[in-house]
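Q: Before anything else, here's the structure in question.
The values are calculated or read from the model by the stated rules, or taken from the named source; none is laboratory data. The structure displayed is predicted, hence computed values, not measured ones. Here the Cβ positions follow ideal geometry from the backbone for every residue, glycine too, while neighbour counts run over all protein chains shown.
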Amino acid sequence: MNPTSKNPVSLIAGTEEELIGYGEDLGKAIAEIIVADKNQTSAFVVYLRGDLGAGKTTFCRGFLHAFGHLGAVKSPTYTLVEPYELAQCTVYHFDLYRIADPEELEFMGIREYFGENMLCLLEWPDNGEGVIPKPDVELTIDKQKRTRQLQLSGESERGRGVLSAFLTARQE
């Protein structure tokens, strides 16, 4: 299976623990493939889409657990970005919800966050359109009454490689 935007991976999370588990599994796949490749010259970028309260930050908590972060993970709605200096790489968790104009991101030096050995998780990426890089992986979370429907797609060659590893690991 080639998980692209035309053929996304669909998952259902019935509990918060399952949502965290999916985040952790994706983080592990990225760690194994991308972080291990020392020839990466740009950040690995994940777009996180979903309404308020859909579970984007909860998913990020699992993602960060995969890299050994055991502390709190809070939504960077007011700080705009939360950095996590981890052993394998630096993860930047952005929340662009409050951005009115993408040019605001230029004033904070947004391009400096997308260098080598960096991972960027971006909530509300449409608010940074034209300034932030295209995603490697895109996640959409749709909150249902009792579950969350997740759609994961690989938007770049390395994103598709990560999602293939993610799917393989989930089948084992």
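Q: With Val137, Val131 as the choices, which residue is closer than 19 Å to Leu19 by Cα and either buried (at least 16 other Cβ atoms within 10 Å of the Cβ) or basic (Lys, Arg) (or both)? Give the derivation first.
A: On the way: Val131 fails: closer than 19 Å to Leu19 by Cα.
Selected residue: Val137, the only one of Val137, Val131 that is closer than 19 Å to Leu19 by Cα and either buried (at least 16 other Cβ atoms within 10 Å of the Cβ) or basic (Lys, Arg) (or both).
Q: Could you please let me know if Tyr113 is more than 13 Å from the chain's Cα centre (by Cα) and either β-branched (Val, Ile, Thr) or surrounded by 18 or more Cβ atoms within 10 Å (Cβ to Cβ) (or both)? Steps first, answer last, please.
A: Numbers: more than 13 Å from the chain's Cα centre (by Cα): yes; either β-branched (Val, Ile, Thr) or surrounded by 18 or more Cβ atoms within 10 Å (Cβ to Cβ) (or both): yes.
Yes: the conditions hold for Tyr113.
Q: Tell me the residue from Glu24, Glu82, Glu32, Glu17 that is in a helix (DSSP H, G or I) and free of Cβ contacts under 8 Å to residues at least 24 places away in the same chain, please. Lay out the reasoning, then the answer.
A: On the way: Glu24 fails: free of Cβ contacts under 8 Å to residues at least 24 places away in the same chain; Glu82 fails: in a helix (DSSP H, G or I); Glu32 fails: free of Cβ contacts under 8 Å to residues at least 24 places away in the same chain.
It is Glu17.
Q: If you check Arg160, Arg98, which single one turns out to be under 19 Å from Lys74 (Cα atoms) and of a type in the set (Lys, Arg)?
A: Arg98
Q: Hey, another quick one. Given (1) within 16 Å of Phe63 (Cβ to Cβ); (2) modelled with pLDDT of 95 or more, where does Gly159 come up short, assuming only one miss?
A: Going through the list (1) within 16 Å of Phe63 (Cβ to Cβ); (2) modelled with pLDDT of 95 or more, Gly159 breaks only (2).
Q: Among the residues of the range 57-64, are any of a type in the set (D, E, K, R) and either over 11 Å from the mean Cα position of the chain (by Cα) or more than 19 Å from Ala31 (Cβ to Cβ) (or both)? Steps first, answer last, please.
A: So the first thing to find is which residues in the range 57-64 are of a type in the set (D, E, K, R), and the list is 61.
Remaining after also requiring either over 11 Å from the mean Cα position of the chain (by Cα) or more than 19 Å from Ala31 (Cβ to Cβ) (or both): none.
No, every residue in the range 57-64 fails to be of a type in the set (D, E, K, R) and either over 11 Å from the mean Cα position of the chain (by Cα) or more than 19 Å from Ala31 (Cβ to Cβ) (or both).
Q: Sticking with this one: So in the range 34-57, with the set limited to residues that are surrounded by fewer than 18 Cβ atoms within 10 Å (Cβ to Cβ) and among the hydrophobic types (A, V, I, L, M, F, W, C), which one is nearest to Met118 (Cα to Cα)?
A: Ala36
Q: Oh, and also: Has the range 23-46 got at least one residue that is basic (Lys, Arg), within 18 Å of Thr168 (Cβ to Cβ), modelled with pLDDT under 95 and within 13 Å of the chain's Cα centre (by Cα)?
A: Yes, the range 23-46 contains at least one residue that is basic (Lys, Arg), within 18 Å of Thr168 (Cβ to Cβ), modelled with pLDDT under 95 and within 13 Å of the chain's Cα centre (by Cα).
Q: What's the number of the only condition in (1) touching a Leu at 6+ places or on another chain (Cβ under 7 Å); (2) within 22 Å of Ser42 (Cα to Cα); (3) not in a helix (DSSP H, G or I) that Phe63 fails to meet?
A: So the condition that Phe63 fails would be (3).
Q: Does Leu119 count as surrounded by fewer than 18 Cβ atoms within 10 Å (Cβ to Cβ) and of a type outside the set (Gly, Ala, Ser)? Break it down stepwise before answering.
A: On the way: surrounded by fewer than 18 Cβ atoms within 10 Å (Cβ to Cβ): no; of a type outside the set (Gly, Ala, Ser): yes.
No; evaluated as a whole, the condition is false for this residue.
Q: So which residues in the range 90-110 are surrounded by 12 or more Cβ atoms within 10 Å (Cβ to Cβ) and on the phi > 0 side of the Ramachandran plot, if there are any at all?
A: If the condition is that a residue be surrounded by 12 or more Cβ atoms within 10 Å (Cβ to Cβ) and on the phi > 0 side of the Ramachandran plot, then no residue fits.
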